[in-house]
Amino acid sequence: MAIQWFPGHMAKARRQVTEKLKLIDVVIELLDARLPLSSRNPMIDEIVSDKPRLILLNKADLADDKATEEWIAYFRKQGIRTLPIDALSGKGVGKLPELCREQAAEMLAKRSDKGMQGRAIRIMILGIPNVGKSSLINRLSKRSVAQTGDRPAVTKAQQWVKMGDTLELLDTPGILWPKFEDQMVGLRLAASGAIKDELLDFTEVALFVITYMMHYYPERLVDRFKLKSLPEDRVEMLEEIGKKRGCLVSGGNIDYDKAAEIFLRELRSGKLGTVSLERPIDWEMEEPIGKPVSFPE
């Protein structure tokens, strides 16, 4: 399965972001805490250049705390301040205004030295689709100013949002990149819900997640699907899920696609517990956990 998705409005959004960047003081890069690097647009460094930057790991409530700490340490080594948050509940979001002021301190000092009157710090929020940008903006502004949804590509236009007298936020549409050179990235994004389900092979995505969970979270699978023991094979695990969730067709055979879709819905809703879909070490492996293989006919 080759996962590709680059709607026309995303190409337009990239051009708009580049044009608006000269007005921006601080860039907030919003990532999915469950898959920080896979949810990070590789064009971001080129686009943002040397602007002060913060990384927010959103949906941290759905991610494995231990894995999140590993990612915070990973970005710290790169000199990037990182904060785990949950935009929906507001956890961690209260720290953001002060962190933005810290990042903009040099700019504010230069303006003060020139005798220029203070103005609101202008912030740009960047992130891929369905990572929670609109939820974060609504939380920061304390009102519903940005459209939200549990599907990608809800936001399709830029808008400025005031947050008191000290901060102004620029919302932007989610920007994916034209081609996923690493299909593992595509699988992780698909599992998280960042790519439209209509474009997915549910079975292949589910098999990827099952393989990863059999390695890192075997007890979650056993407990959630009430199994006596963990199957040795990921296809057998999917079959067990199908049996437990009533995904049967004529002859007692398993409807793999239906079982896979149900499994992914449970993953995304947190019913499988806090699950991270990648760790820094996964990017160092020659054979990543969950690498696609041919599905048996």
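The values are calculated or read from the model by the stated rules, or taken from the named source; none is laboratory data. All figures in this text were calculated on a predicted structure; none of them were measured in a lab. Cβ sites come from the backbone with ideal geometry, for glycine too, and all protein chains shown count toward neighbours. Please note that ligands, DNA and RNA were not included when accessible areas were found on the heavy atoms of the full protein model with its side chains. Shrake-Rupley method; radii C 1.70, N 1.55, O 1.52, S 1.80 Å.
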Inter-site label distance for GLU284 and VAL235 at 7 Å from Cα along Cβ, in nm:
3.4 nm
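With the cut-off at 30 Å, tell me which of the pairs LYS59/LYS196; LYS91/LYS114; LYS133/LYS271 have Cα atoms farther apart than that. Display every interim value, and only then the final one.
On the way: LYS59/LYS196 19 Å; LYS91/LYS114 38 Å; LYS133/LYS271 23 Å.
From the list (LYS59/LYS196; LYS91/LYS114; LYS133/LYS271), the Cα-Cα distance tops 30 Å for LYS91/LYS114.
Expected output is a single nm value to one decimal: the length gained when fully extending between ARG119 and LYS22, i.e. 0.36 nm times separation in residues minus the C-alpha distance. What is it?
Working: separation 97, 0.36 × 97 = 34.92 nm, distance 1.54 nm.
Length difference between fully extended and current span is 33.4 nm.
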Which residue, LEU267, MET43, LEU140, has the largest displacement toward the positive end of the dipole of the chain when charges sit on each Cβ (Lys, Arg +1; Asp, Glu -1)?
LEU140
Of GLY127, VAL185, MET116, which is farthest along the charge dipole of the chain in the positive direction, counting Lys and Arg as +1 and Asp and Glu as -1 at C-beta?
MET116
From the backbone phi of the stretch 35-48, what are the Karplus-calculated ³J(HN,Hα) couplings (6.51 cos²θ - 1.76 cosθ + 1.60, θ = phi - 60°) in whole Hz, Gly and Pro given as x?
8, x, 6, 5, 9, 9, 5, x, 7, 4, 5, 5, 6, 7
The summed charge of the CYS247 Cβ neighbourhood (under 12 Å; Lys/Arg +1, Asp/Glu -1) stands at -1
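Using the per-residue mean of other Cβ atoms lying within 10 Å as a proxy for protection, in what order, highest first, do the peptides 207-219, 229-241, 51-63 fall? Before the final figure, lay out the partial values.
Values: 207-219: 19.5, 229-241: 16.4, 51-63: 21.8.
Going from most to least packed, we get 51-63, 207-219, 229-241.
Give me the percent of the accessible area of the chain that comes from carbon and sulfur atoms, probe 1.4 Å, all protein chains in place.
Details: 6980 of 14460 Å².
Percent of accessible area from carbon and sulfur atoms in the chain: 48.
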Binning at 5 angstrom from zero up to the longest distance, how are the C-alpha pair distances of the stretch 7-170 distributed in percent?
1, 8, 18, 23, 22, 16, 9, 3, 1, 0
Among the Cα-Cα pairs of the chain, the proportion with separation greater than 26 Å, in percent, is 47 percent
Under unit Cβ charges (Lys, Arg +1; Asp, Glu -1), what dipole magnitude, rounded to 20 debye, does the chain have relative to its Cα centre?
1580 debye
The simple spin-label model distance between ILE47 and SER112, using points 7 Å out along Cα→Cβ, in nm, is 3.2 nm
Mean residue ellipticity (222 nm) of the chain, computed from DSSP H runs ≥ 4 via -39,500 (n - 2.57), nearest 500:
-11500 deg cm²/dmol
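If you count only protein heavy atoms with a 1.4 Å probe, what accessible area per residue comes out for the stretch 201-283, rounded to a whole Å²? Before the final figure, lay out each step's value.
Details: 3860 Å² over 83 residues.
It amounts to 47 Å² per residue over the stretch 201-283.
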Just need log10 I(q)/I(0) for the stretch 44-123 at q = 0.15, 0.22, 0.26 Å⁻¹, Debye formula, equal scatterers on the alpha-carbon atoms, no solvent, rounded to two decimals.
-0.66, -1.11, -1.28
Excluding same-chain residues fewer than 8 positions from LYS228, which aspartates and glutamates have a Cα within less than 18 Å of its Cα?
GLU219, GLU236, GLU239, GLU240
Just to be sure I understand the model, the point goes 7 Å from the Cα along the line to the Cβ. What's the resulting VAL222 to ARG81 distance in nm?
4.4 nm
About its Cα centre, the stretch 7-170 carries a charge dipole, from +1 on Lys and Arg Cβ atoms and -1 on Asp and Glu Cβ atoms, whose size in debye to the nearest 20 is 560 debye
Placing unit charges on C-beta atoms (Lys and Arg positive, Asp and Glu negative, everything else neutral), compute the dipole magnitude of the stretch 201-283 about its Cα centre in debye, rounded to 20.
460 debye
